[in-house]
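The values are calculated or read from the model by the stated rules, or taken from the named source; none is laboratory data. Just so it is clear, the structure is predicted and the values come from calculations on it, not from any experiment. Backbone-built Cβ (ideal geometry, glycine too); neighbour counts: all protein chains shown.
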Amino acid sequence: MSFENAQTIVAKDGVQLETVKRGAVDPSLPQNDTIEQRQQRRAQIAKTCAAYQWTTDIASLPGVPLATHVPSDDKPSIVWWFHVLEVGLAIIENVIAVELHPILAGLDDAARQIVSKSQTQAQEISSSVAALCEKHGHVKNGLDALDALEAGVAEAEQSSDISALQKFAGEVHDIFLILIDILKAEEAANIKSIEAYRDQFRTMKAPGIAYTFQDDDEFARLRVAGPNPMLITGIAELPENFPVSAAQYAAAIPGDDLQQALADGRVFLNDYKDLEILVAGVWQGHAKYVYQPMALFAVPPGGSALKAVAIQCGQDSSQYPVMTPTVAEKDKWGWEIAKFVVQVADCNYHELFVHLAGTHLVSEAIAVATRRNLANIHPLWSLLVPHFEGTLFINNLAVKTLINQGGPIDQFFGGTITSSQLTAVQGRLSFNFYDKMVPHDMARRHVGDASKLPDFPYRDDALLVWNAIHEWAEQYIDIYYSDDDAVTADSELALWATSIAAEGLMEGFEAISSRAQLVDVCTMIIFTASAQHAAVNFPQKQVMTFAPAITGGGWSAAPMQQDGHDKQEWIGYMPPMSLSLLQLSSLVLLGSVYYRPLGDYKTNRAPYKNWFQDPRITGDEGPLSRFQAGLRAVEERIIARNKRRMHPYTYLQPSLIPTSTNI
């Protein structure tokens with residue numbers, strides 16, 4: 001058994017290159033090692049701890065346990081940078097096309113010169129990136145590790161090339177900000193309309209929701225197949241502050257009875273009361289608004305899909321009346337405004353609680369604890385570390401550019417940046433590790449019974465992926481832990497669990513005393529970093545890029561009656577055109593980068609060797625092969641399901657699930 005889990009590569013000229021970190025050849029548990037080997041383990045962990053340190057003092061997320069910095073092992077691969085720049089340059093192309101299109105009042109000569117200069121700069125960057133991509137031909141052409149070395153791209157060259165790509169990415173970001181500032185200056189001359197919002201997709205295809213978002217069934221479907229399937233909850237009685245009448249219910253669900261539906265378990269609620277911490281902000285002298293609505297849905301008798309029943313635009317029923325679906329001219333625009341209010345709240349809940357807090361920040365805490373407490377020859381180190389690839393880097397970038405003062409969250413979300421940050425902090429520190437396990441979460445929210453809620457694509461596909469990961473974790477752990485006593489005897493595992501709970505401030509995390517519990521824990525970690533993040537990240541491009549459908553802030557106060565509104569008032573709730581383009585661009589980037597699918601375990605530096613080296617794992621009939629075969633079977637089942645679904649749900653197809661939270 002060796003304590004070296006990295007491979008030294010020697011180029012043809014005899015130069016020794018940087019080592020490539022990999023899983024151990026012969027992983028071991030500390031209790032099975034000699035005294036000398038345990039000392040070596042402790043020395044290696046102590047050295048790693050110097051590179052991975054905790055802080056709760058990051059100003060953007062005060063109180064959240066994060067890494068103090070991003071060690072070199074956690075920086076992205078060159079492949080990832082090529083993906084990001086490809087998307088970033090496409091975004092610049094689209095923004096320039098928008099600015100040169102007559103949907104704007106027209107740019108003055110100075111602005112046109114800036115746009116022209118930006119276009120030239122972007123073209124020069126594109127040419128430079130293409131040259132590097134050609135140099136690293138194995139990235140595009142799929143050559144294996146040996147072919148990569150034969151092509152003359154030694155690992156030693158990658159640092160400088162990655163630095164160049166990172167510099168280009170910074171320049172693309174700067175160009176983007178300059179172009180958005182031009183739009184802000186033209187804002188007063190821009191007339192908002194649904195057509196104008198659609199026209200912001202000049203060189204990109206507008207998502208389907210840009211044409212269907214007003215449909216009530218589409219509105220209901222988003223609760224179970226949209227960016228945020230994590231809030232809808234089955235209820236047996238209405239909240240006291242949401243007095244939907246039997247008549248209102250019957251009007252929305254013809255032929256049904258409210259009390260019977262409640263008794264049957266067919267009534268569901270989205271309650272956004274947790275957004276009460278948000279404080280409405282201001283953008284360029286214009287007031288923004290945040291909302292805490294309540295939305296009721298139901299499955300009709302014998303039906304399968306949710307139907308919208310009622311919306312209350314605030315928590316106080318004496319101030320905000322119950323609004324219901326209607327086609328009556330005097331009431332229909334009030335209903336459209338109410339749906340928009342819900343979508344603004346859903347966007348905030350999704351981004352702050354579900355996406356940032358529930359995936360990115362949860363994975364970071366476990367990543368840091370893993371590095372600080374498990375030796376790199378521990379079997380769980382090999383199992384888990386690939387699922388943290390790029391996470392510390394992307395989180396650090398988000399803190400600096402996304403949820404910071406002046407960043408996108410500050411601009412197109414309704415809350416002040418401080419209150420948005422504190423909402424994310426609350427979401428992270430209240431995240432209960434065991435409660436959020438998929439089977440537990442479904443039961444807790446009373447949405448696990450397919451006979452009550454037949455059409456819930458996230459639930460059904462998530463359980464398939466969860467079970468495949470669970471089988472992989474179980475087979476893997478059984479190889480290294482002979483019984484439950486081996487689990488309780490593992491001193492590194494005990495320290496790791498304590499660190500996640502105490503230093504990582506992970507609510508509900510507890511000591512691990514059995515193999516079954518350890519399997520559940522590892523399944524949750526892998527699922528959160530991969531599938532859960534995919535399910536809440538990639539809908540951003542398909543659903544959230546079109547601001548009239550969903551956006552982060554309102555631009556008028558929540559309505560206090562359903563009648564008396566018109567179309568222009570409804571459009572007035574939507575963001576300024578420059579902010580909708582900022583939203584579109586930001587979420588296209590976040591929702592377009594697919595890097596390294598689940599089950600593909602490789603190192604993150606050329607020559608991209610296989611991560612696992614233990615023959616017990618990598619054998620033809622071993623756990624890894626079975627996991628990969630299981631994922632292919634899940635893929636086939638989801639594809640078959642999507643052929644039967646009225647609306648395909650693709651976010652949890654394993655081929656579209658990255659291994660880690662890396663964007």
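Of the helices (runs of 4 or more DSSP H) that lie entirely inside the stretch 198-294, those containing 3 or more residues that are farther than 22 Å from VAL536 by Cβ and outside the structural domain of ARG645 (by TED's automatic domain parsing) span 246-252, 258-264.
Scanning the stretch 65-84 for residues that are under 19 Å from the mean Cα position of the chain (by Cα) and assigned to a helix (DSSP H, G or I) yields ASP74, TRP80, TRP81, HIS83, VAL84. Just one of (1) within 27 Å of the chain's Cα centre (by Cα); (2) closer than 29 Å to ILE194 by Cα; (3) buried (at least 24 other Cβ atoms within 10 Å of the Cβ) fails for VAL309. It is (1). LEU587 fulfils the conditions (1) farther than 27 Å from VAL84 by Cβ; (2) among the hydrophobic types (A, V, I, L, M, F, W, C); (3) without any contact (Cβ under 8 Å) to a residue 60 or more places away in the chain except for a single criterion, (1). Only one of the listed residues (GLY572, GLY599, GLY553) is within 26 Å of the chain's Cα centre (by Cα), at pLDDT 95 or above and not assigned by TED's automatic domain parsing to the domain that holds ASN467. That residue is GLY553.
Are any residues in the stretch 514-530 polar (S, T, N, Q) and within 19 Å of TYR481 (Cα to Cα), and if so, which ones? Within the stretch 514-530, SER514, GLN517, THR523 qualify. Quickly run through the stretch 465-506 and pick out the residues that are of a type in the set (Val, Ile, Thr) and over 30 Å from LEU61 (Cβ atoms). ILE477, ILE479, VAL487, THR488 - these are the residues of the stretch 465-506 that are of a type in the set (Val, Ile, Thr) and over 30 Å from LEU61 (Cβ atoms).
This table checks each residue for (1) in contact with a Leu (Cβ under 9 Å, 6 or more places away or on another chain); (2) farther than 30 Å from PHE413 by Cβ.
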{"site": "TRP570", "(1), (2)": "no, no"}
{"site": "PRO575", "(1), (2)": "yes, no"}
{"site": "PRO597", "(1), (2)": "yes, yes"}
{"site": "ARG605", "(1), (2)": "no, yes"}
{"site": "ASP614", "(1), (2)": "no, yes"}
{"site": "SER625", "(1), (2)": "no, yes"}
{"site": "GLU636", "(1), (2)": "no, yes"}
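Checked against the criterion of being closer than 21 Å to PHE509 by Cα and out of contact with any helix residue (DSSP H, G or I) (no Cβ under 9 Å at 6 or more places or on another chain), the candidates ALA443, ALA486 yield just one match: ALA443. Across the stretch 638-662, the number of residues qualifying as touching a Pro at 6+ places or on another chain (Cβ under 9 Å), over 30 Å from VAL70 (Cβ atoms) and not in a helix (DSSP H, G or I) comes to 4.
Against the definition (in contact with a Pro (Cβ under 6 Å, 6 or more places away or on another chain) and among the aromatic types (Phe, Trp, Tyr)), how does PHE412 come out, yes or no? Answer is yes for this residue. Going by the structure shown, is PHE213 in contact with a helix residue (DSSP H, G or I) (Cβ under 9 Å, 6 or more places away or on another chain), touching a residue at least 24 places away in the same chain (Cβ under 8 Å) and at negative phi? Judged against the criteria, PHE213 is a match.
Examine the stretch 409-416 for a residue that is charged (D, E, K, R) and in a helix (DSSP H, G or I), and state whether such a residue exists. Yes. In the set GLY407, GLY414, which member is under 23 Å from VAL279 (Cβ atoms) and touching a strand residue (DSSP E or B) at 6+ places or on another chain (Cβ under 6 Å)? The match here is GLY414.
Might you check whether a residue that is within 30 Å of PRO597 (Cα to Cα) and under 22 Å from the mean Cα position of the chain (by Cα) occurs anywhere in the stretch 53-64? The answer is yes, given that some residue of the stretch 53-64 is within 30 Å of PRO597 (Cα to Cα) and under 22 Å from the mean Cα position of the chain (by Cα). Please indicate, with yes or no, whether at least one residue in the stretch 138-154 is crowded, with 16+ Cβ neighbours inside 10 Å, small (Gly, Ala, Ser) and modelled with pLDDT of 75 or more. Checking the stretch 138-154: not a single residue is crowded, with 16+ Cβ neighbours inside 10 Å, small (Gly, Ala, Ser) and modelled with pLDDT of 75 or more. Restricting the first member to the stretch 13-32 and to residues that are under 27 Å from ASP478 (Cα atoms) and of a type in the set (D, E, K, R), and the second to residues that are surrounded by fewer than 16 Cβ atoms within 10 Å (Cβ to Cβ) and at pLDDT below 50, the beta-carbon pairs closer than 8 Å and six or more apart or on different chains are LYS21/ALA6; ARG22/ALA6; ARG22/GLN7; ASP26/MET1; ASP26/SER2.
For the criterion of being farther than 20 Å from LEU402 by Cβ and surrounded by 22 or more Cβ atoms within 10 Å (Cβ to Cβ), GLY334 passes. It is to be established whether one or more residues within the stretch 611-625 are within 23 Å of the chain's Cα centre (by Cα) and among the hydrophobic types (A, V, I, L, M, F, W, C). No, the stretch 611-625 contains no residue that is within 23 Å of the chain's Cα centre (by Cα) and among the hydrophobic types (A, V, I, L, M, F, W, C). Quick check: anything in the stretch 94-114 closer than 30 Å to SER419 by Cβ and assigned to a helix (DSSP H, G or I)? So far as the stretch 94-114 goes, yes, one or more of its residues are closer than 30 Å to SER419 by Cβ and assigned to a helix (DSSP H, G or I). Can we say ILE92 is modelled with pLDDT of 95 or more, surrounded by 15 or more Cβ atoms within 10 Å (Cβ to Cβ) and on the phi < 0 side of the Ramachandran plot? Answer is yes for this residue.
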